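The values are calculated or read from the model by the stated rules, or taken from the named source; none is laboratory data. The structure displayed is predicted, hence computed values, not measured ones. Backbone-built Cβ (ideal geometry, glycine too); neighbour counts: all protein chains shown. Remember, those area values only see protein heavy atoms, side chains included, never the ligands or the DNA or RNA. Shrake-Rupley method; radii C 1.70, N 1.55, O 1.52, S 1.80 Å.
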Amino acid sequence: MLNNSAHRFVDDKYNRGMEEHIVKIISTGSLTHDVKIFRVEKPAGYTFTPGQATDVSVNTPELKSKKRPFTFTGLDHDPYLEFIIKIYPSHKGVTNEIDKLAPGDELIIRKAWGAISYKGPGIFIAGGAGITPFVSIFRDLKTKNQLHGNRLIFANKTKADIIMEDELRELLGTDFINILSEENHPGYAHGMISEEFLRASADDFKSNFYLCGPPPMMNALKKQLATLGVEKNSITVEF
């Protein structure tokens, strides 16, 4: 627990960051070939709802004004904050700099925000690193014994890209459905998510739908779900 973190109040045109906290990295690790997990100090009194994110900066003079949103993947009652971050070595930005950090280095975090929150059982559809808001939601539901009735469709390029496959399978069992766009692998669907695939994978189009992934994928899914009769107010998607 971070009891004496530096903090200050700043203006933010999106009203997402009013407070800032400087926190130290506790630990780092690799989850896949290009995804890392970071645990950082949790400021006293800091709270979030599963599915929410915060704007993060590296606390150096050159980088502290450069923000990037990352989703909390731990639980609010954890004594630390956890982020699962996909690293893009070719992008000379915040994630590339975060990849270089080690325990003891500092980040700046702001107020928690986000449009994704649990509204009841439904179908979760994630693309790649879009799984992150759902990780905290599923972990929270497990603690409440409320996972029943939820299903996850997870789209990735290859099996090696699947983030937290073992934990998600343990949480969801047969309600964990994978589709790979660039690899044929036994036991995994192959191709892109289509209306036909959705018909075969989602048995209730009157249910809640939760979407998170690359914008082109999200736009295509919203159109497909509308065609399949899903009401707009039944779809939760990050802005």
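Give me the 1.4 Å probe accessible area per residue for the chain, excluding ligands and nucleic acids, in Å².
Accessible area per residue, the chain: 50 Å².
Read through the labelled values (1) 25, 21, 19; (2) 31, 19, 17; (3) 29, 26, 16 and report the label of the one computed as semi-axes √(5λ) of the Cα gyration tensor in Å from the structure.
Given (1) 25, 21, 19; (2) 31, 19, 17; (3) 29, 26, 16, the calculated one carries the label (2).
For the range 110-239, evaluate the Debye formula with one uniform point scatterer on each Cα (no solvent term) and list log10 I(q)/I(0) at q = 0.10, 0.17, 0.18, 0.21 Å⁻¹, rounded to two decimals.
Taking Cα atoms of the range 110-239 as identical point scatterers yields -0.29, -0.88, -0.99, -1.38.
Using each residue's phi in the range 163-170, evaluate 6.51 cos²θ - 1.76 cosθ + 1.60 at θ = phi - 60° and report the 3J(HN,Hα) Karplus result to the nearest Hz, with x for Gly and Pro.
Rounded to whole hertz, the list is 7, 6, 4, 5, 5, 5, 5, 5.
If amide H atoms are built 1.01 Å from N in the plane of the peptide, which residues on other chains or at least 5 residues away come under 5 Å of the amide H of residue 115?
Correct list: 239.
Carbon-plus-sulfur fraction of the accessible area of the chain, 1.4 Å probe, in percent?
Numbers: 6050 of 11990 Å².
Within the chain, the accessible surface is 50 percent carbon and sulfur.
Antiparallel as a % of all DSSP beta bridges within the chain, to the nearest 5?
Close to 60 percent.
Taking the Cα atoms of the range 18-109, what is the range of coordinates along each of the three principal axes, in descending order and whole Å?
The Cα atoms of the range 18-109 stretch 36, 30, 23 Å along the principal axes, largest first.
Beyond a 21 Å Cα-Cα separation, which of these cross-linked pairs lie in this structure: 66/92; 86/142; 64/100?
Over 21 Å apart, Cα to Cα: 86/142.
Are there any trypsin sites (Lys or Arg not before Pro) in the range 38-98 that are in a DSSP loop and have at most 11 other Cβ atoms within 10 Å? List them by number. Mind dumping the intermediate values first?
Working: sites: 39, 64, 66, 67, 86, 92; in loops: 64, 66, 67, 92.
Of the trypsin sites (Lys or Arg not before Pro), the ones in loops of the range 38-98 whose Cβ has at most 11 other Cβ atoms within 10 Å are 92.
Along each of the three principal axes of the Cα atoms of the range 184-239, give the extent in whole Å, ordering the values from largest to smallest.
Projected onto the principal axes, the Cα atoms of the range 184-239 cover 36, 24, 15 Å.
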